[in-house]
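Everything on this sheet refers to the single structure shown next.
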Amino acid sequence: MRDSIKSAVEPGGPFGLDDLPLDPFESLVLVGCHRVLLDAENPIRLNLFAAGIREIFTHLLHRLAPDADVIGCAWYVPPPDNKPPTRKQRARYAMQGGLTDAFVSRAGVEVETLLKELLDAVDDLSKYTHVRPGSIVSSQAEIDAFVAGATAALRNLFTWIEECRATVADAVVSTVNQAALHALVQQTVQELDELSSATAVEDVHVEDLTVVSLTHDAIVFHAAGEVSVELQWGSPSDFRRGDGATMDACFPFRMRLTARPADVEKLDSFTVADITVENKSWFGVDDEQ
């Protein structure tokens, strides 16, 4: 038994989940869940494991989806009797923030399917949380299968959050391209301005767009890509005399964009900040220097 459990937790710490962004409490409980399973003489080891993993899910969902943030979403409907947000509502918020179900569905995320799978897994944990006649499992094969399913559900939650955010980014990338182009045209960017007497932004291509924060009232994107410019040296009179010069060039850039969920859904009103253009190559400076 000990060997079979060890195989489920190696490599990568308890259950191979040490790469997940768990907080110190959640990580501590996960270690406890692991240790109780290693006690082959404990007849209720699966029950204790189920109770611990269920508490991790509960704590995690409250951390990822605080009451005030969930309640602030346009899609939120208060549960009966003025109760706090439900587990399903918290899981929905963790995945889609303040974005509406309709937008996320159009983007290609089957949120309802993902939520059902997650909640079914938590319900399975609840069956064994309390030690009752009929809830004690002695079969090692059953214990191994249950542990594998529960830990997979924990990993899936984070996977689905990332997949949802990646799909949202894909849905708005063309609009972000336009917002980035407008920002680089309208704002003075020192790294471009210092390259010539006049720098004209011609095109922008966003190659990587990441959702770094998704809450009830704001979505923050990090964009990186390439900006194409025309560099010009000389005044209009220099060009009339044939002394001016122009050159096309491309440089990597990165920026942060923020929008309200409603504006993201309308593909409008992105606020751009923290624009940085990498021009070291122009001056012959290695990126590592």
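Does residue 185 meet the test of being over 19 Å from residue 57 (Cα atoms), touching a strand residue (DSSP E or B) at 6+ places or on another chain (Cβ under 8 Å) and not in a helix (DSSP H, G or I)?
Considered against the rule, which asks whether it is over 19 Å from residue 57 (Cα atoms), touching a strand residue (DSSP E or B) at 6+ places or on another chain (Cβ under 8 Å) and not in a helix (DSSP H, G or I), residue 185 comes out as no.
So in the stretch 89-109, with the set limited to residues that are of a type in the set (Gly, Ala, Ser) and not in a loop (DSSP other than H, G, I, E, B), which one is farthest from residue 163 (Cα to Cα)?
Of everything passing the filter in the stretch 89-109, 102 is farthest from residue 163 (Cα to Cα).
So in the stretch 160-188, with the set limited to residues that are of a type in the set (D, E, K, R) and surrounded by 15 or more Cβ atoms within 10 Å (Cβ to Cβ), which one is nearest to the chain's Cα centre (by Cα)?
165
Tell me, please, whether a residue that is surrounded by fewer than 20 Cβ atoms within 10 Å (Cβ to Cβ) and outside any helix (DSSP H, G or I) can be found in the stretch 143-159.
No - not one qualifying residue is present in the stretch 143-159.
Answer with yes or no whether residue 210 is in a loop (DSSP other than H, G, I, E, B), surrounded by fewer than 16 Cβ atoms within 10 Å (Cβ to Cβ) and in the same structural domain as residue 276 (by TED's automatic domain parsing).
For residue 210, the condition - in a loop (DSSP other than H, G, I, E, B), surrounded by fewer than 16 Cβ atoms within 10 Å (Cβ to Cβ) and in the same structural domain as residue 276 (by TED's automatic domain parsing) - is not met.
Do the conditions hold for residue 167, that is, is it within 15 Å of residue 91 (Cβ to Cβ) and among the polar types (S, T, N, Q)?
When the stated conditions are applied, residue 167 does not pass them.
Out of (1) in a helix (DSSP H, G or I); (2) farther than 28 Å from residue 258 by Cα, what's the single condition that is false for residue 70?
Against the list (1) in a helix (DSSP H, G or I); (2) farther than 28 Å from residue 258 by Cα, residue 70 comes up short only on (2).
Out of (1) over 21 Å from residue 161 (Cα atoms); (2) of a type outside the set (A, V, I, L, M); (3) without any contact (Cβ under 8 Å) to a residue 60 or more places away in the chain, what's the single condition that is false for residue 268?
(3)
The values are calculated or read from the model by the stated rules, or taken from the named source; none is laboratory data. These numbers were taken from a predicted model, which means no experiment stands behind them. As a convention, Cβ positions derive from the backbone with ideal geometry for all residues, glycine included, and neighbour counts pool all protein chains shown.
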